[in-house]
Amino acid sequence: MRFHDSFVSRVDRYALGVETVSGRPCLSIPVANRLVDYDEHDLISPHEAEWFARGNTTIAC
């Protein structure tokens, strides 16, 4: 899987983008521990991508 970030929020520490093969939206967050630092990419729905793109950072369950 390859990802292309189109929006980055440094304040809230997430990025929105697309998975380049399928074109599905994804959300990435930085992950760090004592061994490695990496970005975790999760596929999200178009509705969720629109929610985050509007500046919302929390979702009520």
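The values are calculated or read from the model by the stated rules, or taken from the named source; none is laboratory data. Note that the structure is a prediction, hence the values are computed from the model and not measured. Ideal geometry is used to build each Cβ from the backbone, glycine not excepted, and the neighbour counts take in all protein chains shown.
Considering only residues that are touching a Phe, Trp or Tyr at 6+ places or on another chain (Cβ under 9 Å) and assigned to a loop (DSSP other than H, G, I, E, B), look in the stretch 13-44 and name the one that is surrounded by the fewest Cβ atoms within 10 Å (Cβ to Cβ).
THR20
Would you pick out the residues in the stretch 25-47 that are among the polar types (S, T, N, Q) and under 14 Å from ARG13 (Cβ atoms)?
SER28
I want to confirm something. Restricting to the stretch 4-24 and keeping residues that are hydrophobic (A, V, I, L, M, F, W, C) and at pLDDT 90 or above, which single residue is farthest from the chain's Cα centre (by Cα)?
In this case the residue turns out to be VAL21.
Which residues, taken from the stretch 24-37, are of a type outside the set (S, T, N, Q) and over 15 Å from GLU50 (Cβ atoms)?
ILE29, PRO30, VAL31, ALA32, ARG34, LEU35, VAL36, ASP37
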